[in-house]
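**Q** Dropping the structure in here first, questions after.
The values are calculated or read from the model by the stated rules, or taken from the named source; none is laboratory data. It should be emphasised that the depicted structure is a prediction, and the values quoted were computed from it without experimental measurement. Note: ideal-geometry Cβ built from the backbone for every residue, glycine included; neighbour counts use all protein chains shown. Ligands, DNA and RNA are stripped out before the accessible areas are found, and what is left, the full protein with its side chains, is counted by its heavy atoms. Shrake-Rupley method; radii C 1.70, N 1.55, O 1.52, S 1.80 Å.
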Amino acid sequence: MPHVTLKEVADHVGVNVATASRALSLDKNSLVSATTRRRVLEAAETLGYRGNQQASALRRGRTGIIGVIVADISNPFIGPVLRGIAGGLGGQGLLPIMTETRDSSEELARICDRLLAQRVDGIICAAGRQSDQAVLKRLAKEIPTVLTVRQWPNSGITTVSADDVLGGRLAAEHLLGLGHTRVAQLVGPQDIGSFAGRTQGFSRAITDAGVESIIVDDVIRLPTLDAGHLMMETLLERTGSHLPTAVFAQNDSMAIGAMHVASERGLRCPDDISIVGYNNVPLTAHLTPALTTVKLTAYEMGRLAAQLVATLIEDPEQSAHTVTLAPELIVRQSTRAL
């Protein structure tokens, strides 16, 4: 098919190229009369001008762009979520642009303002702490917004997340079933809903079983490998020779950090200490030993978030609702029965 030029669009309407260009520009279309703008848009679509997708978006008052906000792009769990978002939006003719907050509330607020200024059609947010609820609630009132990965109960914002209370319970029940009666928990930031849920589920199951539990909840900003390293060192120093026989780290990065420290201290996993992670990020099956973990369907989480934001764009009056995905325990070689 021959390439259609802007001049051909302009000639079809009977205007000069500069006028046609302004009519198709997001920044300059207000300089052209409504009648001329409509005729140029119709001509662009009719002739198959390469910019017809933009023209169609302009006619509908849309840009075709979705802002995607994540807390930490280096988190290995986020990659599959982003792939799911991109796949879901591509099928809707929407283009994602990704931004990172590094879990800074100030950066989150700034990014939200910038995305609104860029006239994105919607926002998918996989970031935010408890203190950021007000910012995101205001955002959801201005533009179709979907939360994913993280969540706040009764926030009034459409959300796609995992049942982290169940996930924490699955980790606890696995260790209890293996006969562990002295366990530890490396806790992520509790002002992030997903980590608070994991703590709740694990702690409740352990308490109900009457098992001794040690909680390491030193304040960490990001649940990284380094954080897991630091918290495992704290656990070993705190317990001395009376070590727990099993550790639940609230994400895989922290679990890997804990495994490294155990190895450095001459502890064998799982012979001396069993370790359970959370998320089932890529490559956990290829560690030595392979990591027992709680699997979340990251790709599906992203795909559903994309589907929901597209639905909200088409019908902004839809009531907010929550989609909760069930986690699954993946048993590998980092845990053993006593």
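**Q** Any idea what angle helix 193-208 forms with the longest principal axis of the chain, computed on alpha-carbon atoms, 0 to 90 degrees, nearest 10?
**A** 30
**Q** Which of the peptides 77-83, 313-319 is most tightly packed, and how do the rest follow, judged by the mean count of other Cβ atoms within 10 Å per residue? Provide the component values of the computation, followed by the final result.
**A** Values: 77-83: 20.1, 313-319: 9.7.
Packing proxy ranking, top to bottom: 77-83, 313-319.
**Q** For the range 100-239, give me the percentage of DSSP beta bridges that are antiparallel, rounded to the nearest 5 percent.
**A** Antiparallel bridges make up about 0 percent of those DSSP assigns within the range 100-239.
**Q** With a 1.4 Å probe and all protein chains kept in place, how much accessible area does Thr46 have, in Å² rounded to the nearest 10?
**A** Surface open to solvent at Thr46 totals about 110 Å².
**Q** Amide H to amide H under 5 Å from Thr292: which residues, 5+ apart in sequence or cross-chain, H placed 1.01 Å off N in plane?
**A** Gly277, Arg332, Gln333, Ser334, Thr335
**Q** Per residue of the range 228-244, what does 6.51 cos²θ - 1.76 cosθ + 1.60 with θ = phi - 60° give for ³J(HN,Hα)? Whole Hz please, x for Gly and Pro, Karplus curve as stated.
**A** x, 4, 5, 6, 5, 4, 4, 4, 5, 5, 6, 8, x, 7, 9, 6, x
**Q** Can you figure out the FRET efficiency of His321 with Ala34, using R₀ = 56 Å and their beta-carbon distance, to the nearest 0.05? Intermediate results must be reported in sequence, preceding the final value.
**A** Values: r = 38 Å, r/R0 = 0.67.
With R0 = 56 Å, the Cβ-Cβ based efficiency is 0.90.
**Q** How far is helix 34-47 tilted, in degrees, relative to the longest principal axis of the Cα atoms in the chain, given as a value from 0 to 90 rounded to the nearest 10?
**A** Long axis of 34-47 versus the principal axis of the chain: about 70 degrees.
**Q** Amide H of Cys125 versus every other amide H placed in the peptide plane: which residues, excluding those fewer than 5 positions away on the same chain, fall under 5 Å?
**A** Result for Cys125 returns Ile69, Val146, Leu147, Thr148.
**Q** Using the reciprocal of the averaged 1/r over all distinct C-alpha pairs, how large is the Kirkwood radius of the range 191-266 in Å?
**A** 13.0
**Q** Short version: ³J(HN,Hα) in whole Hz for each residue of the range 301-309, in order, from phi by Karplus 6.51 cos²θ - 1.76 cosθ + 1.60 (θ = phi - 60°), x for Gly and Pro, what are they?
**A** Working through the residues one at a time gives 4, x, 5, 5, 4, 5, 4, 5, 5 Hz.
**Q** Under the Karplus relation 6.51 cos²θ - 1.76 cosθ + 1.60, θ = phi - 60°, what is the ordered set of whole-Hz ³J(HN,Hα) values for the range 90-103, x standing for Gly and Pro?
**A** Along the range 90-103, the couplings run x, x, 9, x, 10, 10, x, 10, 9, 9, 10, 9, 6, 6 Hz.
**Q** Using only Cα atoms, find the angle between the long axis of helix 252-264 and the longest principal axis of the chain, and express it within 0 to 90 degrees, rounded to the nearest 10.
**A** That works out to roughly 40 degrees.
**Q** Just want the answer: with Cβ charges of +1 for Lys and Arg and -1 for Asp and Glu, which residue in Gly88, Ser104, Val149 is farthest toward the dipole's positive end in the range 4-149?
**A** Checked the options; the winner is Gly88.
**Q** Non-local amide H neighbours of Thr322 (under 5 Å, H modeled in plane, Pro and chain starts lacking H): which ones?
**A** It is Thr159, by chain and number.
**Q** When you count, for each residue, the other Cβ atoms within 10 Å and take the mean per peptide, how do 175-183, 119-127 rank with the highest first?
**A** Taking the mean over residues of other Cβ atoms within 10 Å, the ranking is 119-127, 175-183.
**Q** Another one. Roughly speaking, to the nearest percent, how much of the chain's 1.4 Å accessible area is carbon and sulfur?
**A** Answer for the chain: carbon and sulfur cover 50 percent of the accessible area.
**Q** Still on this structure: Quick check on the range 157-228: take the gyration tensor over C-alpha atoms, sort the square-rooted eigenvalues as a ≥ b ≥ c, and tell me if it's rounded (a/c under 1.5), prolate or oblate.
**A** Oblate shape, in that a/c is at least 1.5 and b/c is the bigger or equal ratio.
**Q** OK, next. Using Rg and Dmax of the Cα atoms in Å as the read-out, say which of (i) 20.8, 64; (ii) 21.4, 88; (iii) 25.0, 87 was calculated from these coordinates.
**A** (iii)
**Q** Please figure out what share of the DSSP beta bridges in the chain is antiparallel and state it in percent, rounded to the nearest 5.
**A** Working: 3 of 38 bridges.
Counting only bridges with both partners in the chain, antiparallel ones make up about 10 percent.
**Q** Testing the spin-label approximation: label points 7 Å from Cα along Cα→Cβ at Asp208 and Asp163. State their distance in nm.
**A** Between Asp208 and Asp163, the simple spin-label model gives 1.2 nm.
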